[in-house]
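Here is the structure we will look at, set down as structure tokens.
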Amino acid sequence: MNYEVRQLGKDTWMIRSMMVQMFLIAGTEKAMLIDTGAGMGNLKAQVEKLTDKPLIVVNTHGHVDHAGGNFQFKEVWMHADDFSAADWMCTLSERQEYVRSRLAVFAPEQTQEAVDSLQPCVDYEKKALTEGQVFDLGDRELEVIFTPGHTHGSVCFLDRRYRRIFTGDTVNYGMLLQKSYECTALSVYVESLKKLLARGGEFDTVLRCHGEPVGTKGDIQIVMGMVQRIISGEVSGEHFVNPMRDCWNYNFGQKYSVSYDGPDAEL
Ligand SMILES: [Zn+2]
């Protein structure tokens with residue numbers, strides 16, 4: 001299992017595995033790993049190739065493609081509201097299903113080998129993040145900002161010194177906002193985006209976990225506009241049903257989309 005590693009600036013790396021981006025940030029004293037992917041390969045060994053600083057591991061949220069590799073570490077910080085998601089969504093069978101469904105699309109010949117290579121989970125300690133908590137890495141600090149929406153326990157990490165914010169799945173091209181995936185009502189999500197924009201004077205760059213990793217705070221505005229148009233009823237979506245999902249999709253140009261439970265859902 002090879003990871004794709006891209007340096008994004010001083011002591012900051014993107015580590016990509018299976019269409020999801022994790023981020024590693026090193027300070028003079030400590031390093032921080034943001035998310036752990038689906039638990040393919042040896043992420044811990046990959047991190048140790050990039051930094052020898054004592055490592056803090058955090059999750060932006062509890063979905064399988066972000067918390068699925070938590071078991072490779074002794075302790076992981078996340079929002080307490082996503083503790084249960086990080087358990088039921090990240091079992092070996094859920095991780096196998098995730099890897100199978102993703103590889104079936106873009107690398108079907110690798111699917112069985114990749115699924116067979118997944119290691120069973122082992123227990124690790126979950127530590128609860130608090131709003132405004134600051135992780136001091138030495139010469140840089142990361143602040144926790146709670147942003148419920150994509151999940152109840154979604155959080156962002158603000159690196160004020162380098163004017164970057166790590167947004168997990170809170171700001172993506174394709175926004176998943178279905179309650180069966182632990183997402184909140186759309187109105188809760190909009191409040192979180194407003195909260196991020198209110199802090200917009202403190203960052204220029206948005207770092208996403210899916211698609212092109214480097215974005216701008218303009219992306220927050222775009223996503224908020226899309227969701228507000230759904231809430232106001234200005235746009236219509238398409239009902240989409242398959243054995244795995246029952247949702248409504250709203251497309252906004254070629255790049256952006258929102259899926260949620262549909263017009264009858266609590267907004
Ligand atoms: Zn997610």
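Here are the numbers for this structure:
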{"item": "Unmet requirement for Ala80, which otherwise passes all of (1) at pLDDT 95 or above; (2) surrounded by fewer than 20 Cβ atoms within 10 Å (Cβ to Cβ); (3) among the hydrophobic types (A, V, I, L, M, F, W, C); (4) within 16 Å of the ligand (Cβ to nearest atom)", "result": "(4)"}
{"item": "Flag if Glu141 is in contact with a Phe, Trp or Tyr (Cβ under 8 Å, 6 or more places away or on another chain) and more than 16 Å from the ligand (Cβ to nearest atom)", "result": "yes"}
{"item": "Number of positions in segment 247-267 that are touching a residue at least 60 places away in the same chain (Cβ under 8 Å) and not hydroxyl-bearing (Ser, Thr, Tyr)", "result": "7"}
{"item": "Strands (runs of 3 or more DSSP E) within segment 90-153 that include 1 or more residues of a type in the set (Lys, Arg) and at negative phi", "result": "125-128"}
{"item": "Flag if His66 is in a loop (DSSP other than H, G, I, E, B) and crowded, with 23+ Cβ neighbours inside 10 Å", "result": "no"}
{"item": "So Glu234, is it acidic (Asp, Glu), closer than 21 Å to His63 by Cα and not in a helix (DSSP H, G or I)", "result": "no"}
{"item": "Extreme residue, nearest to Ser17 (Cα to Cα), among residues of segment 198-214 that are within 16 Å of the ligand (Cβ to nearest atom) and outside any loop (DSSP other than H, G, I, E, B)", "result": "Arg208"}
{"item": "Qualifying residue in segment 189-208 (condition: in contact with a Phe, Trp or Tyr (Cβ under 6 Å, 6 or more places away or on another chain) and of a type outside the set (A, V, I, L, M))", "result": "no"}
{"item": "Residues of segment 225-267 that turn out to be hydrophobic (A, V, I, L, M, F, W, C), at pLDDT 90 or above and farther than 23 Å from Val20 by Cβ, as a count", "result": "4"}
{"item": "Residues (within 22 Å of Asn251 (Cβ to Cβ) and either surrounded by fewer than 22 Cβ atoms within 10 Å (Cβ to Cβ) or in contact (Cβ under 8 Å) with a residue 60 or more places away in the chain (or both)) located in segment 135-151", "result": "His150"}
{"item": "Residue under evaluation Glu48, criteria (1) more than 16 Å from the ligand (Cβ to nearest atom); (2) in contact (Cβ under 8 Å) with a residue 24 or more places away in the chain, criterion not met", "result": "(2)"}
{"item": "Filter result (away from the ligand (no atom under 11 Å from the Cβ), of a type in the set (D, E, K, R) and in contact (Cβ under 8 Å) with a residue 24 or more places away in the chain) within segment 152-181", "result": "Asp159, Arg160, Arg163, Arg164, Lys179"}
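The values are calculated or read from the model by the stated rules, or taken from the named source; none is laboratory data. These figures come from a predicted structure and were not determined experimentally. Glycine also receives a Cβ, built like all others from the backbone with ideal geometry; neighbour counts cover every protein chain displayed.
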